[in-house]
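Data first, discussion second: the structure below is written as structure tokens.
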Amino acid sequence: MRIGVDAHVLSGKYQGSRTYLSNLYRQVLRKDRSNEYLFFGHWNGAEPFGQTVRYVEYKSTSRWKRLALQARPLVRRHNVELFHSAYIAPIMLSCDSLLSVLDILFETHPQFFEKSLVVRNRLLVRYSAGKARQVHTISEFARQALIDRYKLHPEKVCLVPCGVDLERFHPDFSGDAADRVATHFGIRDYILTVGRLEPRKNHVGLIRAYSMLRDKHKDLPLLVIVGDRDFGFDGLFETRQRLGLESAVKVMNHVDDDMLPDLYRAATMFVYPSFAEGFGIPVLEALASALPVITSNVTAIPEAAGDAGLLIDPTSSEQIAHAMESVLTDTGMAAELSTRGPGQARKWSWDEAARCYLAALQRLE
């Protein structure tokens, strides 16, 4: 079968859908010897999946031109039999549609998204999912939400989970990572969180918790927030300023991808109090790095964390602060969480994701 993949996100901002698509297809291409893949995107000479696959260029970076005008004739021209899109499929495809919907949080938690995105996605994602021959998603939480909200037949919605790259994210007990981070960023001994700067990630609640803890522990490590600015991030900086934490809370944008694993490995703990996630890849990355992890007890996050993370109510800064204090002061608890992390992370591999993807394709034959 000739499969087209809308891979325009690979030239966009770093986010979960980009991580998911790139890692999934790297493994799929290693395993699949029966299907042919064509990747549609903005390549400018780049070949992210090597020279053995074909790349098709979109002429415009406009979302609407791509979906309404460009994709359909390109799909027809290249005789594509199945076209894989994320969230929204091109209109009037001449072939079957495979749709990846990593989550529908814009349906279940619309307060955390811009109104225009909620309106657009509620209409177009629902329509695309209904028209698709098969829908893939990344967690049981997201799968059940799709079935319930969009009334999709359970057999149509396949679980193709996330993974973590264990060659990049792994423990470092030598201290080399800490030295590299100190040299590159000028920081040592810090609490870490990673995620786009937007209200859903709950950075405000984390900063409040950190402030509560700092009142009790004057030697508290820095709080380091790594993430690109998205929208609605003003509250983070306003809260930091109001609580007088400009020197104690460091926000780092545009961290080089090569340095991210070291930032995990050199941290004291990882705190991820997100209000809602379709999965939570940063949680896996932290677990794989043998960090004590504190994260939320809602949506799909417990699926990622398993029993290796300390789960909290993200609406309670008091709970977040108490959990952070427990990890800082109880060395036995911190060591136990660190020990559990890599084992939990190994349950979620991109190799297994590719196996699930190919098994789902076989159901279409």
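The values are calculated or read from the model by the stated rules, or taken from the named source; none is laboratory data. If you're wondering where the values come from, they're calculated on a predicted model, not measured in any experiment. We place every Cβ from the backbone using ideal geometry, glycine too, and count neighbours over all the protein chains shown.
Are any residues in segment 178-211 surrounded by 18 or more Cβ atoms within 10 Å (Cβ to Cβ), under 23 Å from M259 (Cα atoms) and without any contact (Cβ under 8 Å) to a residue 40 or more places away in the chain, and if so, which ones?
Scanning segment 178-211 gives a single hit, H203.
Search segment 152-163 for residues being under 16 Å from E277 (Cα atoms) and out of contact with any Cys (no Cβ under 9 Å at 6 or more places or on another chain), and hand back the single one that is surrounded by the most Cβ atoms within 10 Å (Cβ to Cβ).
Checked segment 152-163; the qualifying residue surrounded by the most Cβ atoms within 10 Å (Cβ to Cβ) is C162.
Quick one: V135 ticks every box in (1) touching a residue at least 12 places away in the same chain (Cβ under 8 Å); (2) out of contact with any Cys (no Cβ under 9 Å at 6 or more places or on another chain) except a single one, so which number is it?
(2)
Those residues that are farther than 22 Å from R72 by Cβ and not hydrophobic (A, V, I, L, M, F, W, C), I need them from segment 26-46; list them, please.
Of everything in segment 26-46, those that are farther than 22 Å from R72 by Cβ and not hydrophobic (A, V, I, L, M, F, W, C) turn out to be R26, Q27, R30, K31, D32, R33, S34, N44, G45.
Quick one: is T52 over 30 Å from I301 (Cβ atoms), of a type in the set (S, T, N, Q), touching a His at 6+ places or on another chain (Cβ under 9 Å) and not assigned by TED's automatic domain parsing to the domain that holds A300?
Criteria not met by T52.
Taking segment 288-320, which residues are touching a residue at least 60 places away in the same chain (Cβ under 8 Å), buried (at least 24 other Cβ atoms within 10 Å of the Cβ) and assigned to a helix (DSSP H, G or I)?
If the condition is that a residue be touching a residue at least 60 places away in the same chain (Cβ under 8 Å), buried (at least 24 other Cβ atoms within 10 Å of the Cβ) and assigned to a helix (DSSP H, G or I), then A288, A304, I320 are the ones that fit.
Name the single residue that is nearest to L159 (Cα to Cα) among those in segment 96-147 being assigned to a helix (DSSP H, G or I) and among the β-branched types (V, I, T).
The qualifying residue nearest to L159 (Cα to Cα) is I147.
For segment 221-235, give me each residue that is surrounded by 17 or more Cβ atoms within 10 Å (Cβ to Cβ) and touching a Leu at 6+ places or on another chain (Cβ under 6 Å).
V224, G227, F233
If the Cβ limit is 6 Å and pairs must be 6+ apart or interchain, which residue in segment 343-355 that is under 14 Å from L21 (Cα atoms) pairs with which residue that is exposed (fewer than 15 other Cβ atoms within 10 Å of the Cβ)?
Once the first residue is under 14 Å from L21 (Cα atoms) and sits in segment 343-355, its partners that are exposed (fewer than 15 other Cβ atoms within 10 Å of the Cβ) give A354/K31.
Would segment 52-62 turn up any residue that is in a strand (DSSP E or B), of a type in the set (V, I, T) and touching a residue at least 12 places away in the same chain (Cβ under 8 Å)?
yes
For segment 19-55, give me each residue that is among the charged types (D, E, K, R), out of contact with any helix residue (DSSP H, G or I) (no Cβ under 9 Å at 6 or more places or on another chain) and farther than 22 Å from L67 by Cβ.
R33, E36, E47
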